[in-house]
1. Mind jotting down a quarter of the surface of the convex hull over the alpha carbons of the range 100-185, in square nanometres, one decimal?
2. Among the listed pairs K16/K171; K32/K154; K131/K151; K37/K131; K37/K151; K16/K147, which have their C-alpha atoms separated by more than 26 angstrom in this model?
3. With +1 assigned to the C-beta of every Lys and Arg and -1 to the C-beta of every Asp and Glu, and no other charges, what is the dipole magnitude of the range 169-212 about the Cα centre in debye, to the nearest 20?
4. When the chain is fully extended, how far beyond the present Cα-Cα distance does F41 get from N214, taking 0.36 nm per residue of separation?
Amino acid sequence: MKDADHLPNWPAALNKGMAAAYCGLSYDLFRKLCPVKPIGFTDSVKGERYLRLRLDEWLLSLDQNISFYATNEVESGSLKTASNQIAEPRSGAGGYPVIDDPKHPVNVFYENLGFDPETMNEDDMRRLRAKAHEEWAAGIPGTKLGKREIKALKHLASIGPAIKIHWRDVKDCGPDTEERLKIRGFIETFPLENYPDRIGYYMLTDAGLAAWLNCS
C-alpha cells in the first residue's frame, strides 16, 4: 500500500484499477469479490467506471462497527435513506446484514465468497476473504506478464537487481502490479522508515531480472 499522504483525490467515477485501489484490493481479487457493477460512458469497456458512492455502500455493508445499511447515496459521511432515517435491516448471528433480495449486490458478494450472513461471523468473513486471496495468488505464477508488469520490470531492470528504489520513482507499479510481481518473486518490498506498515521501497530480484531479459 502506498503512503496515504500521497493517495489521489478520488473522483466520483473510478476506472477498474482505481476502484480496486480504492477498496485496497488487487484488481483480480476486486473483480472476483466486488458485487458493484460499473456504469458505461461509452460502448467500450474502456469507458466503464465504478461509482465511488456504490463502492462506499458495499464497503460499509461489510463493517460490523455500524448497525445499519442503506442503499441510498452517502450524505455528509453517513448513509441515509430518502426520509433521512437510518435503515435497520435484520442482522445475522455475526452481525452482518441479511437482505432478502438474492440479486442484491451484497448477497452476490456473499455468494461469491461462500459466506452465510445468517450463521457466520467476522472470523468466517476474514477466513473466507483470506482463502479467496490465496486462491487468486496461487493462480499468478506461470501466467503471462501483464503490460504494466513488463513496464515496471523494465524500469527496475534499468537500475539493476538488489538496489532499493523508492516506490514514487517506479512508474506503472500500482498496488495490483506490485502484488503480482511480489507473488512471482520478481521484486521484494520494504517498509518506509517511519511507517513500518506501509511499503516504501522496491528491489528487483535476480528472478525478476531474468524475467525481464526473457521478455525483452
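Since every read-out is calculated from the coordinates, none of them should be taken as a lab result. In this text the structure is predicted, and so the values were computed from the model without any measurement. All Cβ positions, glycine included, derive from the backbone under ideal geometry; neighbour counts span all protein chains shown.
1. 8.0 nm²
2. Beyond 26 Å between Cα atoms: K32/K154; K131/K151; K37/K151.
3. 120 debye
4. Working: separation 173, 0.36 × 173 = 62.28 nm, distance 3.85 nm.
Taking 0.36 nm per residue and subtracting the Cα distance, the gain is 58.4 nm.
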